[in-house]
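The values are calculated or read from the model by the stated rules, or taken from the named source; none is laboratory data. Just so it is clear, the structure is predicted and the values come from calculations on it, not from any experiment. Please note: Cβ atoms are built from the backbone with ideal geometry, for glycine as well, and neighbour counts cover all protein chains shown. Calculation scope for accessible area: heavy atoms of the full protein, side chains included, ligands and nucleic acids excluded. Shrake-Rupley method; radii C 1.70, N 1.55, O 1.52, S 1.80 Å.
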Amino acid sequence: MLSGQKIVLGVTGSIAAYKSCELLRLLTKKGAVCSVIMTESAQRFVTPLTFKALGAKEVITSDWNDPEHTIPHIDATRDAALFLVAPATANILAKAAQGIADDVMSAAILARRCPVAFAPAMNINMWQNQATQRNVKQLMQDGAIILGPAAGEQACGDMGSGRMLEPTEIIELLEGAFSPRVLDRCRVLITAGPTFEPIDPVRGITNLSSGKQGFAIAKACALAGAEVTLVAGRTHLKTPAGVRRIDVTTAYEMYRAVMNEVSRHEVFISVAAVADWRIANPATHKIKKGYTSDTPELIFEENPDILASVASLENAPYCVGFAAETDNLIDNARAKVYRKRVPLIVANLVQDALGQDSNTVVFVERDQATPLARASKEQIAQALVAKIAQEVN
Ligand SMILES: Cc1cc2nc3c(=O)[nH]c(=O)nc-3n(C[C@H](O)[C@H](O)[C@H](O)COP(=O)(O)O)c2cc1C
């Protein structure tokens with residue numbers, strides 16, 4: 001979503017200026033074309049060279065003596081999709097709210113035609129000061145986007161509101177701003193990650209699913225404007241912004257959580273790698289070697305089929321399943337379309353997908369199979385969101 005977008009990153013004189021180096025790196029990695037403007041104070045914290053080395057197309061530090069631009073504060077934001085000031089000091093918020101243009105940064109903010117976003121960073125007292133609050137309110141009334149700030153420990157040792165959001169959080173919010181809201185207010189229920197079936201209190205049967213694909217889909221749905229509930233098996237992944245998460249361990253817990261939630265949702269995407277079988281008689285104490293001469297025997301019983309259970313409901317949501325196969329990909333996936341009575345199965349080969357950051361998938365429906373080129377799990381998530389939006393709108 002940020003790919004190819006021209007973004008002007010404004011850096012002002014806050015201790016959080018070091019975070020804007022990472023922010024620039026992440027924006028560039030996402031394919032954004034970034035220019036940087038720095039105030040004089042910002043250059044006391046980080047150097048223009050740092051931003052240049054991290055991939056900035058240009059770094060503008062003054063309106064005067066710039067050999068590349070006649071009028072830097074006007075040229076800086078030409079064709080820009082966004083002017084992002086991060087970190088934004090109390091000083092720049094005040095100047096922008098008043099329309100003061102006494103340096104290249106404030107003049108560029110005034111001269112721009114693109115939207116402007118500020119990520120404030122300052123001491124809690126500066127942030128809570130009536131003057132700052134008045135300026136922020138004014139900026140919002142003028143259409144500016146205010147990102148954060150977050151609360152927590154501050155560089156000065158105080159605790160509370162005023163910390164700049166982390167670069168990854170800013171990127172997520174920007175992606176949201178740039179995403180077409182193709183699933184606006186659509187309620188989407190997603191399962192993700194592995195399930196874990198206990199054998200005894202310390203051991204169990206699980207699988208190699210990382211949860212990355214399901215979490216990427218949850219994020220893409222949320223960015224597309226959906227209200228997302230994510231039922232997640234055990235994973236260390238961070239909950240995407242704006243997503244409601246329910247943690248579960250076993251397949252049966254996942255089944256119960258889904259059946260409790262499903263009636264409120266219009267779309268169900270079953271991405272989790274759910275155990276087909278559970279241990280019928282898990283031991284209540286740790287099974288130890290040497291207690292008996294017998295090798296322990298595990299008795300299995302079948303878990304409910306979550307996707308088929310949802311798809312067979314009277315008012316079933318639009319259902320999407322995932323098929324991870326080791327062979328005969330399309331045939332196996334199509335059999336699942338019929339057996340589980342779902343309109344769409346996203347089929348992938350186990351060896352292409354598990355634990356990796358990219359995947360090769362085929363969208364399998366009753367009458368067609370559409371292969372997608374190998375892509376990151378985020379890109380696959382976006383393609384799936386576009387497909388679902390087509391089907392449900
Ligand atoms: C070590 C140090 C850290 C500072 N951190 C902040 C900050 O986080 N937020 C802020 O609003 N001002 C901070 N200031 C004060 C600003 O740098 C000062 O108001 C400056 O005039 C801002 O200029 P600018 O907005 O043009 O960059 C800090 C000053 C110093 C000396």
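At 222 nm, what helix-only mean residue ellipticity would the chain give, in deg cm²/dmol to the nearest 500, using -39500 (n - 2.57) for each DSSP H run of four or more?
On the way: 14 runs with 130 residues, N = 393.
One gets -9500 deg cm²/dmol as the mean residue ellipticity at 222 nm.
Inter-label distance, residue 134 to residue 18: 3.5 nm, where each label sits 7 Å from its Cα along the C-beta direction.
Quick one: ranking 265, 236, 285 by accessible area, 1.4 Å probe, largest first, what do you get?
Heavy-atom accessible area, descending, gives 236, 285, 265.
When the surface is traced with a 1.4 Å probe over the full set of protein chains, residue 178 keeps roughly 50 Å² accessible.
Ordered from highest to lowest accessible area with the whole protein assembly present and a 1.4 Å probe, 30, 238 read as 238, 30.
Across all Cα atoms of the range 104-199, the radius of gyration (one decimal) and Dmax (whole number) stand at 18.7, 66 Å.
For residue 156 and residue 392 in the same chain, what is the full-extension length gain: residue separation times 0.36 nm, less their Cα-Cα distance, in nm?
On the way: separation 236, 0.36 × 236 = 84.96 nm, distance 5.08 nm.
Extending this stretch completely gives an extra 79.9 nm.
Measuring with a 1.4 Å probe in the full set of protein chains, what accessible area per residue, in whole Å², belongs to the chain? Numbers along the way, then the final one.
On the way: 19430 Å² over 393 residues.
Each residue of the chain exposes 49 Å² on average to a 1.4 Å probe.
Using the empirical formula 2.2 N^0.38 Å as the baseline, the Cα radius of gyration of the range 6-178 reaches a ratio of 0.95.
Whats the longest run of the chain with zero GluC sites (Glu not before Pro) that are DSSP loop and have at most 10 other Cβ atoms within 10 Å? Mind showing how you got there, number by number?
Details: sites that count: 68, 297, 314.
The answer is 69-296.
The modelled label-to-label distance for the pair residue 379/residue 43, using points 7 Å beyond Cα in the direction of Cβ, is 4.0 nm.
On alpha-carbon atoms, Rg over Rh for the chain using Kirkwood Rh? It would help to have the intermediate numbers written out before the result.
On the way: Rg = 25.6 Å, Rh = 23.7 Å.
So for the chain, dividing Rg by the Kirkwood Rh gives 1.08.
Between residue 367 and residue 244, the simple label model (points 7 Å from Cα in the Cβ direction) yields a spacing of 3.7 nm. With the contact rule set at Cα under 8 Å and sequence spacing of 6 or more, what percent relative contact order holds for the range 187-392? Result for the range 187-392 is 20 percent. The accessible-area ordering, largest first, of the residues 255, 18 stands as 18, 255, per a 1.4 angstrom probe.
Which shape class, rounded, prolate or oblate, goes with the range 27-114 when its Cα gyration tensor gives a ≥ b ≥ c as root eigenvalues, a/c under 1.5 marks rounded, and past that a/b bigger than b/c marks prolate? Numbers along the way, then the final one.
On the way: a/c = 1.31, a/b = 1.28, b/c = 1.03.
Rounded, because the longest to shortest axis ratio a/c is under 1.5.
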